[in-house]
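The values are calculated or read from the model by the stated rules, or taken from the named source; none is laboratory data. Not measured: the values here are computed from a predicted model. A quick note on method: Cβ atoms are made from the backbone with ideal geometry, for glycine too, and the neighbour counts reach across all protein chains shown. Keep in mind that these areas ignore ligands, DNA and RNA; they rest on the heavy atoms of the full protein, side chains included. Shrake-Rupley method; radii C 1.70, N 1.55, O 1.52, S 1.80 Å.
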There are 2 protein chains.
Amino acid sequence: MENLQEARDFFEKGYLEYRPNISIDCAIFGYHNGELKVLLVKNKLIRKWYLPGGFIKKTESLDDAASRITAERTGLEKLFLKQVKAFGDVGRNSTLDVFDEEAFEQIIGFRIDESSWLAGETVTIGFYAITDIVNASPKADFFSEACRWFPVDALPELGFDHEEIVTEALSRMRIDLYHFPIGKNLLQPKFTLKEIKTLYEVLSGKTLNPTNFPNKLIALGLLTKLDEKRSIGGHRSPTYYKFNEDTYEKALEDGLVLV
Amino acid sequence: MENLQEARDFFEKGYLEYRPNISIDCAIFGYHNGELKVLLVKNKLIRKWYLPGGFIKKTESLDDAASRITAERTGLEKLFLKQVKAFGDVGRNSTLDVFDEEAFEQIIGFRIDESSWLAGETVTIGFYAITDIVNASPKADFFSEACRWFPVDALPELGFDHEEIVTEALSRMRIDLYHFPIGKNLLQPKFTLKEIKTLYEVLSGKTLNPTNFPNKLIALGLLTKLDEKRSIGGHRSPTYYKFNEDTYEKALEDGLVLV
């Protein structure tokens, strides 16, 4: 929702356009220079930080909806985006207790009551995405007073069950690291083995062996050695690598086992 | 739904008890003697085979609902059960076109129309479970004319998007094999290394190295060697192993990396 009219339409008759009772929330991870962050929005009416989220249009698949929602908040159309799982614990919407009804009525012009299409509990479908922070342009929507990056290990208190969603998104992403290639839009087109090792270390939260780890990626055929070194002077200048496009795309499709 | 009254109540006023627009479908895998099967039910009104499924009570978590649904069909209370993901492609309910409305009206006593709480499209949340086939007692419900096991590589045509759910459940289970221990209720309490290798081969669909693979499980501390051999005569009698309960439970909780 980008303006007042859209917000009014959504609360009043959103059930015509959107699926009721089901939402999407996205843990958008941002990587840059060895740091991992997650994008949060601060809601004006509930006064807490949340993952960017929204509802699913009746004409959209779940993936389409997640893609639209992440694009709205980051300006990026084609993020690496994967479903985590659905979250539906009883009472997961309970922070709506602290929803500021008066502020809402002042802004929108009517109240939400029991008969609203938004009144019942929702199941939310969690997704995660990974982007290079420098590529993204975080943008608050009409009901958010802020939208910005937080280090994954220093998050503020989150509303609803969004802390659980972040935790599950991190676990899922860390399992996926063993089964899908990653890094294409997170590293420069040419990178050193040290740079890709750092990326994997930051994403996985683990220390990796400086020789074995890159050798595994090379053995899988994911990396191509370039006939070019980073010029830092002397004989220790590191060699550049790039992703092998064909192997990378095939592995994204078929999966791999990084062992 | 086990009888006519329950079925009538469900269709007429199920919205009081269940969450609308969201269902659960379970790929229940059955393993026995080196064979992998999946449990299917044949619907009386749509005349196709389906995964066992149902709706989520407003008082249940998603896991609770999946647990109830699998228990109803198998008689087993504590299956190894994991969420796969949510499925919500536009048109996924389209085989309802072949829903036999007359047969339904004859059985139930009224028609379902546009105003029914069941009229809109649903998102379904897929789960998978694994059990030893001999422990389960498949049971059809009121709207099913059959409930039985099919080999995973010889399934009949499935309704809705249930073929996609089986495929995704298999992929998810095969990734989980690398990250969670498995086998506790699928093997006898004492088993040989050959038996656990066969289990993993059947579940993963891959051929495994007869020495390296068991060694990995041993290195992870999952197996305890017993001072007892299967008596098949001669010096080649295989040694029995059992799971190390503590390591197994901890790995279920924390995850592992089987590399």
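What to note about this one:
- Inter-chain Cβ neighbour count for A:81-94, averaged per residue, equals 5 (cutoff 10 Å, partner chain atoms only).
- Expressed as a whole percent, the accessible surface of chain A that belongs to carbon and sulfur atoms is 47, based on a 1.4 Å probe.
- The mean count of C-beta atoms from other chains within 10 Å of the C-beta of residues in A:178-188, rounded to a whole number, is 1.
- Inter-label distance, A:Phe150 to B:Ser115: 4.7 nm, where each label sits 7 Å from its Cα along the C-beta direction.
- Dividing the helix sum by the residues of chain B, where each DSSP H run of 4 or more adds -39500 (n - 2.57), gives a mean residue ellipticity at 222 nm of -9000 deg cm²/dmol.
- Short-range pairs are left out: with C-alpha atoms under 8 Å and at least six residues apart, the relative contact order of the stretch A:188-254 is 35 percent.
- Seen from every direction in turn and averaged, the convex hull around the alpha carbons of the stretch A:1-130 projects onto 8.5 nm².
- Largest-first principal axis extents of the Cα set of the stretch B:110-198 (Å): 58, 27, 23
- Accessible solvent surface per residue of the stretch B:188-254, calculated while the other protein chains remain in place, 1.4 angstrom probe, Å²: 64 Å²
- Stokes-Einstein diffusion for the stretch A:188-254 at 20 °C, viscosity 1.002 mPa s, with a Kirkwood radius from C-alpha pairs, works out to 167 µm²/s.
- Stokes-Einstein D (µm²/s) once Rh is taken as the Kirkwood radius of the protein assembly as shown over alpha-carbon pairs, at 4 °C in 1.567 mPa s: 51 µm²/s
- Normalising by residue count, the stretch A:162-201 has a Cα convex hull of 79 Å³ per residue.
- Using a cut-off of 18 Å between Cα atoms, the listed pairs A:Lys48/A:Lys85; B:Lys37/B:Lys206; B:Lys184/B:Lys250; B:Lys229/B:Lys250; B:Lys78/B:Lys184 include A:Lys48/A:Lys85; B:Lys229/B:Lys250 as exceeding that distance.
- Note, ³J(HN,Hα) from phi for the stretch A:71-80, Karplus 6.51, -1.76, 1.60, rounded to Hz, x at Gly and Pro: 5, 4, 8, 10, x, 9, 7, 10, 7, 5
- Among the chymotrypsin sites (Phe, Trp or Tyr not before Pro) found in the stretch B:77-118, those both in a DSSP coil and sparsely packed, with 12 or fewer other Cβ atoms within 10 Å of their Cβ, are B:Phe110.
- Here the Kirkwood formula puts the hydrodynamic radius of chain A at 20.1 Å, using every distinct Cα pair.
- Each Cα pair under 8 Å and six or more residues apart adds its separation to the average, and for the stretch B:4-176 the resulting relative contact order is 36 percent.
- Convex hull volume of the C-alpha atoms in the stretch A:137-259, normalised per residue: 164 Å³.
- Loop sites in the stretch A:217-259: chymotrypsin sites (Phe, Trp or Tyr not before Pro), DSSP, at most 15 other Cβ within 10 Å: none
- For the stretch A:103-142, a reduction of at least 50 Å² in accessible area between the chain on its own and the assembled protein chains (probe 1.4 Å) is found at A:Val123.
- Per residue, the solvent-accessible area of the stretch B:4-176 (1.4 Å probe, heavy atoms of protein chains only, all protein chains present) comes to 44 Å².
- 3J(HN,Hα) from dihedral phi, the stretch B:106-115, Karplus parametrisation 6.51/-1.76/1.60, rounded to Hz, x for glycine, proline: 4, 6, 8, x, 8, 9, 9, 10, 3, 7
- Interface burial for A against B (accessible surface, 1.4 Å probe, total of both chains, Å², rounded to 100): 2200 Å²
- Range in chain A, longest, excluding exposed GluC sites (Glu not before Pro) [loop by DSSP; at most 10 other beta-carbon atoms within 10 Å]: A:158-259
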